[in-house]
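FYI, it's all coordinate maths here, none of it is from the lab. Bear in mind the structure is a predicted one, so any value in this text is a computation, not a measurement. All Cβ positions, even for glycine, are placed from backbone atoms using ideal geometry, and neighbour counts span all protein chains on display.
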Amino acid sequence: MSCDVYVEAAPALVWDLVTDIGLPARLSPELQRAEWLAGAVAPALGASFVGYNSHPMNGEWRTVSHIVELEERRVFGWAVVDPDGRYGDDAPDPARPLATWRFELDPERTGTRLRQSVRIGPGRSGLSLVIDRMPDREEAIVAFRVGELRTNIEATLKGIRTLAEE
């Protein structure tokens with residue numbers, strides 16, 4: 001699933017915003033904060049960061065994200081794993097993430113087309129636990145979660161646009 005927005009700002013400025021791992025916590029209700037791990041201070045392939053999340057139905061949890069795509073001023077992508085085994089995966093593996101997130105930037109007119117996307121799975125997540133409890137409602141559960149994710153992505157994109165255009 002993905003959403004996009006036109007930002008009247010140069011890709012370099014938008015890039016600085018999307019690679020600030022703490023910024024989404026200011027813009028989206030689910031991510032509460034994020035911190036670099038293992039001495040990392042900026043995005044680099046293989047670098048990782050921890051995210052602290054909260055959701056009214058799922059409580060609080062943490063994730064570890066591994067940067068899996070990085071093209072300067074073009075693509076920033078990370079694979080999210082469950083370091084605590086909360087969702088049933090024995091060993092967190094970025095090759096089997098609970099989700100993969102991505103920002104894409106494309107120069108357009110005098111600004112930037114910014115797209116944010118998420119792919120759920122193939123690893124287990126909070127969504128898996130809910131479906132396990134109500135397998136007959138899987139379609140409705142997935143649709144509800146996709147709607148939440150869309151709302152959060154749209155809030156993040158609008159917030160980035162506002163900051164970039166100020």
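Students often check this: by mean Cβ neighbours within 10 Å, which of 142-151, 11-20 ranks highest, and how do the rest follow?
Details: 142-151: 14.4, 11-20: 18.3.
So the order, starting with the most tightly packed, is 11-20, 142-151.
Given a Förster radius of 25 Å and the C-beta distance between Thr19 and Glu108 as r, what FRET efficiency does 1/(1 + (r/R0)^6) yield to the nearest 0.05? Taking R0 as 25 Å, the efficiency between Thr19 and Glu108 is 0.85.
Towards the positive end of the charge dipole of segment 75-118, with charges on Cβ (+1 Lys, Arg; -1 Asp, Glu), say which of Gly85, Ala99, Gln116 has the farthest Cα. The listed residue farthest towards the positive side: Gln116. Two numbers describe the Cα atoms of the chain: Rg and Dmax, which are 15.9, 50 Å.
Which Cα, out of Gly147, Met57, Leu127, lies furthest along the positive dipole direction of segment 2-165 (beta carbon charges, K/R +1, D/E -1)? It is Gly147, whose Cα lies furthest towards the positive end. GNM on the chain, alpha-carbon springs under 10 angstrom: the most fluctuating residue among Glu69, Glu154, Glu108 is Glu108.
Evaluated with a Cβ-only charge set (Lys, Arg +1; Asp, Glu -1), segment 30-149 carries a dipole of roughly 300 debye about its Cα centre, given to the nearest 20.
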